[in-house]
Each structure stands twice: as structure tokens, then as C-alpha cells.
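Worksheet: the structure to be examined is printed underneath.
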Amino acid sequence: MERLARWARAEWGPLYVAVRDRLRERRLRAAPMSVGAVCLTALLQYAQNQPWGYAFVQDVGAVRAQDPLWQALSRTPLSLFVPALDLPVWGALAQILFVFGVAEICLGRRRTLAVAYVATLAGTLYARVGIALGPHAPFGLPASDAGVVDTGPSAAVVGLAVYVAWRYGAHATVGAVTAAMVVEVLLKENLAGKEHLAALMGVGVLCLAAALRHRHTHRPVPAAPPEPATAPPPVRP
């Protein structure tokens, strides 16, 4: 038990301390964007389940591979907050509050939104590539998936979870989340599962770029070679 506790402290200790200190200082004001995201997701969920709101939510936040690319890209930012109709909304709201909240506290608002958007955009673009490859290619998709709505907030949640865990050295968590997404695809091969893997690949590129930038910034500067000793001037008689 003590060994497990030491492992948990090593894995999640820095992340826990960062979140705890900020929450003690500001409470819910530490993550106002995440609270707003939860409210927006709940509002969109309510609207799309009403006869008057379904078409509107689909027009502004539903992304499909069959849509023109410009239209899909214009809808992608709001699609982060449109939950799937066939899944319980409370699970999506809890995931957004927890994962987005931790990310906002640890990364800041702009970086959180940037990582979430990259993860969602990676899944959106993958769907088009997968359908173009066809169902018999290793990463291909059937043509019927062109009419399926993209994953919504789940790709962003997965991407943020991996990025924050990597940033704070929780490498076992990164591996566990990645393995869970692979198992999801193996057990239920659908568009959502493969888009989650595409989101992980997109976030992986971000992690690699951040690591390379950090290494370049903190590269030690070589010491200047010592100046050659100069001989004293000759003494004239």
C-alpha cells in the first residue's frame, strides 16, 4: 500500500499541488472558462432536444465529413460543446468540468482552447482522409461514416487529458489514456473511436513541438575559450 501511495505521489503529485493551490486561492474563479463551457454544453444539449432547436444546433455546431470543408471548419469551434445525442449528457458535462478545469488552471485559457481545438480539428480532418482511403485501408473508413456527426467534446477532453498529463510528468496516465482509446477502437470500431486516436496523434505533435522548443531554449551555451596569454613587453636597456 505504501508503495502504491509513493507511486501515486510521483505520478500525480505535481499536478495535484498545482490544482489544489489555485483552487484554494480562487475556488471556481480559477476556471471561469470551464464553467462557461459546461453551461454552454448544457444549453446546446437542451436546445438540440427541442423541436425548435435541433436544426439550429446542427447548422452551427454539427460537423460531418460530407460537409464542404469551409463549412466544417467554421462549425468546428462550436462543435467542441455539442454533445452526442445518444449519450448521457451528464457524463459529458462532468468530463468537461474536470478536464477543462484542470487544463485551464495548469495551462491557462488560451493554451487550453488551442489544445482542445487541435484535438478536435485532427479528428475532423482524419474523417475526410479515412473516407477517401476507403474501408479496406488500415486507417480507412466506410463511405457511410460521411454522414455521421463528429465526436463533439470527447476528442477535446481526451487530447487535453493527455497533454496536461504529459506536461506534468504523469507518463503512466498518458499511456493509460492512449491504451484505453486503442481498446475502444478494437472493441467497437466506429468513427468516434478512430477520431479519438487522431486527436491523440494531433496532441502528440504538439507535445513533440513543445519538447523541441524547450530543449532549444534551454540548450547550454558553450563557454568561451580562454584568451591566450600575452607576453609582457620587452624591457629596454
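Okay, here's what the table says:
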item: Matching helices (runs of 4 or more DSSP H) fully within region 67-163 where at least 2 residues are among the hydroxyl-bearing types (Ser, Thr, Tyr); result: 69-79, 109-133
item: Verdict on residue 173 being β-branched (Val, Ile, Thr), in a loop (DSSP other than H, G, I, E, B) and within 18 Å of residue 99 (Cβ to Cβ); result: no
item: Residues that are out of contact with any helix residue (DSSP H, G or I) (no Cβ under 8 Å at 6 or more places or on another chain) and under 25 Å from residue 122 (Cα atoms), drawn from region 43-54; result: none
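We did not get these values from a lab; they are worked out from the coordinates using the rules stated. Keep in mind that what you see is a predicted model, and the values were worked out from it rather than measured. Cβ atoms come from the backbone with ideal geometry, glycine included; neighbour counts cover every protein chain shown.
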